[in-house]
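*Asks:* The structure is given below, and queries will be raised subsequently.
The values are calculated or read from the model by the stated rules, or taken from the named source; none is laboratory data. All values reported here derive from a predicted model rather than from experimental measurement. We place every Cβ from the backbone using ideal geometry, glycine too, and count neighbours over all the protein chains shown.
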Amino acid sequence: MPNASDDPLEGALLDGRYLVETRIASGGMSTVYRGVDTRLDRPVACKVMDPRYAGDQQFLTRFQREARTVARLKDPGLVAIYDQGIDGRHPFLVMELVEGGTLRELLRERGPMPPHAAAAVLRPVLGGLAAAHQAGLVHRDVKPENVLISDDGDVKLVDFGLVRAVAEAGITSTSVILGTAAYLSPEQVASGNSDPRSDVYSVGVLAYELLTGATPFTGDSALAVAYQRMDHDVPAPSSQIEGVPPEFDELVLRATARTADDRYPDAAAMAAHLDAIAADLHLPVFKVPSPRNSAQHASVAQTTAKQPRPAANPPILPVRNPTRELTRGPDDWNEPLAAAPAEQFAGIGLDEFAWARQRARRNTAIWLVIVLVLTGSVAAGAWALGSNLTTLLGN
């Protein structure tokens, strides 16, 4: 994490209102900072675009229009947009600050997920996408880095509209493929065109990665990875890791069909199928844990060390329902995880998953027994009353 002297924006006041505190993450197009809205005294996330975009009026127009459109979307699976503007040579977005980390960081910590945990991640992602698709928006860059997980277990999608604004700015070369190569749909690679089915493809690749711990295609370069999907289908997750139910294979294979017409038409349709699968498999309810060693958590510590502000940020509470404790110590953070033993699936004991499913089925069976007992009691009472009535009438 850089010191304040390394980043001229740290400590700056954007638009006379938003105090930039510490850097959370940076990429090719922008840098995200932890900040404070000094007018409302609330923590925010400030996404500051690269200065090269400040002089492009087409980008600024698109940037403002996309921000306004996304700000109108209301869904628990979407990060809220509060404000947008430009300060000097710095176009910026002000967003909801999600105290936690990214799905990418969680996957690095814990590895692949069992089906009930993967479903718990995919539901809010698909819910947020469904709200956007209904409003005529396409995300175009669904990937683990753009999925945030709060310390309360909320899963939210971020960065709607940003890829489109950059793509139409005319700044990047036409040979540059926007979005992360591993998650792009075939039509995005071939022509740059995208629609809701393109987001569905990306979610299918994301689902594959959640279940197996890896993306389906590899290559020596981003372009090589991108072009793999033009000639190859995404394999079934069960072919890479044992224990994946065939229903999840079907979900992934339909979402990642190379021909767009063979996929789910939008995120809502894919979400409906996921819910049906979860019901058929009796998947237990699950709260997704936030990553412990996230850049966002590190920014909290750095901000506290720089300027202890008593009321700005609540303390980070420990995760109460983790999928699995880390088996690695702090000194081997970057070392690969050892292969899971045979009695485990995706780093989680099969007995835990089986117990959770049995508990869900047992609850269903208990309610069924109660209903049958009540029904039987009512029937017996009615039969007895009918017999007595016959006797009484005979008298």
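*Asks:* Which of the residues that make up the range 199-218 are over 26 Å from L281 (Cα atoms) and in contact (Cβ under 8 Å) with a residue 24 or more places away in the chain?
*Replies:* F217
*Asks:* Kindly indicate whether V36 is of a type outside the set (D, E, K, R), within 14 Å of S299 (Cα to Cα), buried (at least 16 other Cβ atoms within 10 Å of the Cβ) and more than 23 Å from the chain's Cα centre (by Cα). Walk me through how you get there before you give the answer.
*Replies:* Details: of a type outside the set (D, E, K, R): yes; within 14 Å of S299 (Cα to Cα): yes; buried (at least 16 other Cβ atoms within 10 Å of the Cβ): yes; more than 23 Å from the chain's Cα centre (by Cα): yes.
It is true that V36 is of a type outside the set (D, E, K, R), within 14 Å of S299 (Cα to Cα), buried (at least 16 other Cβ atoms within 10 Å of the Cβ) and more than 23 Å from the chain's Cα centre (by Cα).
*Asks:* Give V142, V138, V125, V94 a once-over and let me know the one that is buried (at least 19 other Cβ atoms within 10 Å of the Cβ), in a strand (DSSP E or B) and touching a residue at least 60 places away in the same chain (Cβ under 8 Å). Talk me through it step by step, then tell me what you get.
*Replies:* Details: V142 fails: in a strand (DSSP E or B); V138 fails: in a strand (DSSP E or B); V125 fails: in a strand (DSSP E or B).
Criteria check complete, one pass: V94.
*Asks:* Select from the range 50-81 the residues that are over 26 Å from E99 (Cα atoms), modelled with pLDDT of 85 or more and surrounded by 17 or more Cβ atoms within 10 Å (Cβ to Cβ) and list them in ascending order.
*Replies:* Result: L60, single match.
*Asks:* Shifting gears a bit: If I go through the range 208-224 residue by residue, how many of them are touching a helix residue (DSSP H, G or I) at 6+ places or on another chain (Cβ under 6 Å), among the aliphatic types (A, V, I, L, M) and under 26 Å from H116 (Cβ atoms)? First the steps, then the outcome.
*Replies:* Initially, the range 208-224 is screened for residues touching a helix residue (DSSP H, G or I) at 6+ places or on another chain (Cβ under 6 Å), giving 208, 210-212, 215-217, 219, 222.
Of the ones still in play, those that are also among the aliphatic types (A, V, I, L, M) are 210-211, 222.
Imposing the further condition that a residue be under 26 Å from H116 (Cβ atoms) reduces the set to 210-211.
Result for the range 208-224: 2.
*Asks:* If I go through the range 145-157 residue by residue, how many of them are farther than 18 Å from A271 by Cβ, touching a helix residue (DSSP H, G or I) at 6+ places or on another chain (Cβ under 7 Å) and crowded, with 23+ Cβ neighbours inside 10 Å?
*Replies:* Adding up the residues that qualify gives 1.
*Asks:* Report yes if E250 is loosely packed, with under 15 Cβ neighbours inside 10 Å and touching a residue at least 40 places away in the same chain (Cβ under 8 Å), otherwise no.
*Replies:* Working: loosely packed, with under 15 Cβ neighbours inside 10 Å: yes; touching a residue at least 40 places away in the same chain (Cβ under 8 Å): no.
Criteria not met by E250.
*Asks:* I'd like to verify a number: residues in the range 145-155 that are more than 20 Å from R197 (Cα to Cα) and in a strand (DSSP E or B), how many?
*Replies:* Here the count works out to 4.
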